[in-house]
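The values are calculated or read from the model by the stated rules, or taken from the named source; none is laboratory data. Quantities reported herein were computed from a predicted structural model and do not represent experimental measurements. Here the Cβ positions follow ideal geometry from the backbone for every residue, glycine too, while neighbour counts run over all protein chains shown.
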Amino acid sequence: MTALHPFNSGDMSDVRVQSSISNGSAERVRKVELLWDKVYVRELEWLAPGSARHSDIYHPYSTYILLELVDANGDQEPVGTARLVADSPVGLPIERFFPLGPLKDGRKFVEIQRLIVLADFRSRRFVGAPFGLMARLMRDTMSYAIGVAHASHVVADVFVDPQVSPVGPLEQIGFVRVGGVFQDTELKARIPSCAMVINRDRFLRQMLSATPRRLLRYLGGIHELPDRPADVAGRPLSSAKQGAITMPGGWS
């Protein structure tokens, strides 16, 4: 359905963010694939046309998070998504390029994958996303991975270039690089990748520390900026002051 609200206009006073989680309903997956196509195929040209499909060997073990903007009339516009892949007999997507091997022994891994936001909305705040949509996606993925999937460790395949990936923000919240760089050959980008891992205990310790960063508190669900529409709706982000994450999303 084509949204009636001009979601890319300056007036966002009646727009809020809605997040939904699905293990693969047809309608949700269709919206996810459209977002993959817009970002990975058309904008960044990291995937070939027609290849942004969910039907891979990891789909049965995947959970999809979808962010949509919703106006006062209930019209919706998909603007961001992420996929979480649970470890399984087929392994994790990152292991096609970087074997985790003994790192997984006795541990429950979940991989955050394909976390993206449409270009028109990366640098704006919304009701329900005071630090921006990328931060909201990270909040929802961490909440699901740790609180619902009960992962002991969360891993991400991330480009090392901070201009296109959230390497810096991930390090701020406790992710650490593991091993050396590698080439993710699924994507046509020539940027090297690295594996970044955080364990549940480290994330919770940092979140509950005496002086956690504002972004970390937000990702942990402890603290949010006021969500009054006049304060946040559609306003640009100041990444230096707000702890915002505004890059395209350099995740495999």
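For the reader, a short list of remarks on this structure follows.
- So Asp71, is it at pLDDT below 90, charged (D, E, K, R) and crowded, with 18+ Cβ neighbours inside 10 Å: yes
- Filter result for the condition that a residue is among the charged types (D, E, K, R) and surrounded by 20 or more Cβ atoms within 10 Å (Cβ to Cβ), over Arg124, Arg107, Arg202, Arg190: Arg124
- Selection from the range 158-206 of residues that are in contact (Cβ under 8 Å) with a residue 24 or more places away in the chain and aromatic (Phe, Trp, Tyr): Phe159, Phe182, Phe203
- The residue list Arg177, Arg202, Arg139 contains one member that is of a type in the set (Lys, Arg), assigned to a helix (DSSP H, G or I) and either in contact with a helix residue (DSSP H, G or I) (Cβ under 9 Å, 6 or more places away or on another chain) or over 24 Å from Pro102 (Cα atoms) (or both), which is Arg139.
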